[in-house]
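Peer 1: Following this message is one structure expressed as structure tokens.
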Amino acid sequence: MPELPEVEVVRRGLERWVSGRVVACAEVFHPRAIRRHAPGAAEFASRLKGRVVGPAQRRGKYLWLPLDGSEAVLAHLGMSGQLLVVESGSAPERHLRVRIGFTDGGPDLRFVDQRTFGHVLVTSMGRSGGRRVPEPITHIAADPFEDHFDEDLFVHRLRARQTEIKRALLDQSLISGVGNIYADEALWRAGLHGARSTGSLTRPRVAALLAAAREVMTDALAEGGTSFDSLYVNVNGESGYFDRSLAVYGRRDLPCRRCGTPIVRESFMNRSSYSCPRCQPHPARDAA
Ligand SMILES: [Zn+2]
């Protein structure tokens, strides 16, 4: 599944290749891809036609292309979605769901999604977190890279939440864009077990954890620094697209990069959590 750094790479690609162009046509090849666009495929297409696309924006793992300021095309890549910039007229991709063509005859924007968990829609804009964002995502908190991210408010709300710290990191109403992988990496860097209660953390520890989350994602972005000189906006949900150099995630039984203790895997909300039992002592076991 694409995480924030991958989505940011797509955003930069879209900004480079799609910004300022005028939509000539939009075609929908699979209704599931626009299931959140209630008025349907014909309305989706007619609403896009003739619109000028603004610079791509992102909050967490959501991307949008502003349309003349008043509306936007909002996209979520889901598990396997890709937004590709492809030579106009070239053969359709196997899992092509939506194609947007432009009046300049240049490359298309194509939404390709094998598993169809992703979606796109045209929506009006709302406000949230000091910023204009598409209406359907106004309830989602700012991500830690946004200019308007309010760090004091985040620390305060997190400590008041009375939950486990990893759950809080994944809670999109507190902070967006931190997925399972980078939550584990940030917790390892901060030396915290994900089961620690938020109320037990001091403000400086929460601030350090937030800094760690920013760091791991910034590092991932630097590593995945794709060149946009080629035509394709590279992104997909295949893990391994980014050459992630991870410290704990997926490293069960391998030595901790800090202390050499074997990394442990625990199940967590139908997924997995990885941690170092020495650098990140479990709160219950610690107390026992
Ligand atoms: Zn360790």
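The values are calculated or read from the model by the stated rules, or taken from the named source; none is laboratory data. This is a predicted model, so every value here is computed, not measured. Cβ: placed from backbone, ideal geometry, glycine included. Neighbour counts: every protein chain shown.
Peer 1: What's the total number of residues in the stretch 20-44 that are in a helix (DSSP H, G or I), under 26 Å from the mean Cα position of the chain (by Cα) and surrounded by fewer than 19 Cβ atoms within 10 Å (Cβ to Cβ)?
Peer 2: So the answer is 3.
Peer 1: Please work out if Ser197 is surrounded by fewer than 16 Cβ atoms within 10 Å (Cβ to Cβ) and in contact (Cβ under 8 Å) with a residue 60 or more places away in the chain.
Peer 2: yes
Peer 1: Kindly provide the set of residues from the stretch 168-193 that are surrounded by 22 or more Cβ atoms within 10 Å (Cβ to Cβ) and in contact with a His (Cβ under 9 Å, 6 or more places away or on another chain), ordered by number.
Peer 2: Leu187, His193
Peer 1: Is one or more of the residues making up the stretch 71-92 part of a strand (DSSP E or B) and surrounded by fewer than 19 Cβ atoms within 10 Å (Cβ to Cβ)?
Peer 2: No, there is no match, as no residue in the stretch 71-92 is part of a strand (DSSP E or B) and surrounded by fewer than 19 Cβ atoms within 10 Å (Cβ to Cβ).
Peer 1: Return yes when Tyr249 is modelled with pLDDT of 95 or more, within 16 Å of the ligand (Cβ to nearest atom) and aromatic (Phe, Trp, Tyr) and no when it is not.
Peer 2: The answer is no for Tyr249.
Peer 1: A further question on this structure: Would you confirm, using the coordinates I've provided, whether Leu4 is within 30 Å of Ile181 (Cα to Cα) and modelled with pLDDT under 95?
Peer 2: Yes: the conditions hold for Leu4.
Peer 1: Looking at the stretch 99-115 only, could you name the residues that are over 14 Å from Lys49 (Cα atoms) and either touching a strand residue (DSSP E or B) at 6+ places or on another chain (Cβ under 7 Å) or surrounded by 20 or more Cβ atoms within 10 Å (Cβ to Cβ) (or both)?
Peer 2: Pro107, Arg110, Phe111, Val112, Asp113, listed by residue number.
Peer 1: If you check every pair at least six apart or on different chains, which have Cβ atoms under 7 Å apart with a residue in the stretch 267-278 that is over 13 Å from Glu185 (Cα atoms) first and a residue that is away from the ligand (no atom under 11 Å from the Cβ) and outside any loop (DSSP other than H, G, I, E, B) second?
Peer 2: Phe268/Lys166; Arg271/Asn180
Peer 1: Considering only residues that are among the hydroxyl-bearing types (Ser, Thr, Tyr), surrounded by 15 or more Cβ atoms within 10 Å (Cβ to Cβ) and outside any loop (DSSP other than H, G, I, E, B), which ones fall in the stretch 116-142?
Peer 2: Thr123, Ser128
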